[in-house]
């Protein structure tokens, strides 16, 4: 039987929902998780590292959580920056359903869409795009996400991604530098690299 990945439509997997708690910048969050979604035991440290850097940036306007999982990035940023318009997309309908529930539970209105990358939002642009990309999906898919993010980012817009160094962060940084003209290493923490680009 073929394994069901978190970056696929895996609604036929048995459901075992439970709650996990996450504390960030003085706020307690509760997230409902389930089998078949990324990092179901706790909030992934890469996501945590990305958020630590994101909140130092001028986050404003339309913000996209690309490959949202159960919604941590979009929800935390909406709570931290209430004035933003937050959108979260994921190819996995189960992940999107959880993001909807978690958005409501944490009092953070986030628009949630099931989307293969930008498919459901191809006519829209954003001022900030963030992603903790699905490494297991492979380089080809991840780099397409980068290319599409560049195309859907407004001029002056901010792109942030987090990857492990030993899972291709250095080559990803080179790819992003080709797309954006430059790419900064915003942070390194426990092997995770936060890559920062601005569309000029």
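Values in this text are rule-based calculations from the coordinates and carry no lab data. Just so it is clear, the structure is predicted and the values come from calculations on it, not from any experiment. Cβ sites come from the backbone with ideal geometry, for glycine too, and all protein chains shown count toward neighbours.
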Report the label-to-label distance for residue 155 and residue 171 in nanometres (one decimal), using points 7 Å from each Cα along the Cα→Cβ vector.
-> 3.4 nm
So what is the calculated 222 nm ellipticity per residue for the chain, using -39500 (n - 2.57) for each DSSP H run with n of 4 or more, over all residues, to the nearest 500 deg cm²/dmol?
-> -8500 deg cm²/dmol
Spin-label point model (7 Å from Cα, Cβ direction): what's the residue 28 to residue 16 distance in nm?
-> 2.6 nm
Extended-chain gain in nm, criterion 0.36 nm per residue less alpha-carbon gap, residue 189 and residue 45 = 50.9 nm
Of the candidate values [x] 0.98; [y] 0.95; [z] 0.93, the one computed for Rg/Rh (Cα atoms, Kirkwood Rh) from this structure is [z]
What is the Cα centroid distance between the range 163-184 and the range 71-88, reported in whole angstrom?
-> 25 Å
From fewest to most C-beta neighbours within 10 Å, the residues 163, 145 line up as 145, 163
Using Cα pairs closer than 8 Å and at least 6 residues apart in sequence, work out the relative contact order for the chain, in percent.
-> 18 percent
Sort 23, 60, 118, 81 so the one with the fewest other Cβ atoms within 10 Å of its own Cβ comes first.
-> 23, 60, 81, 118
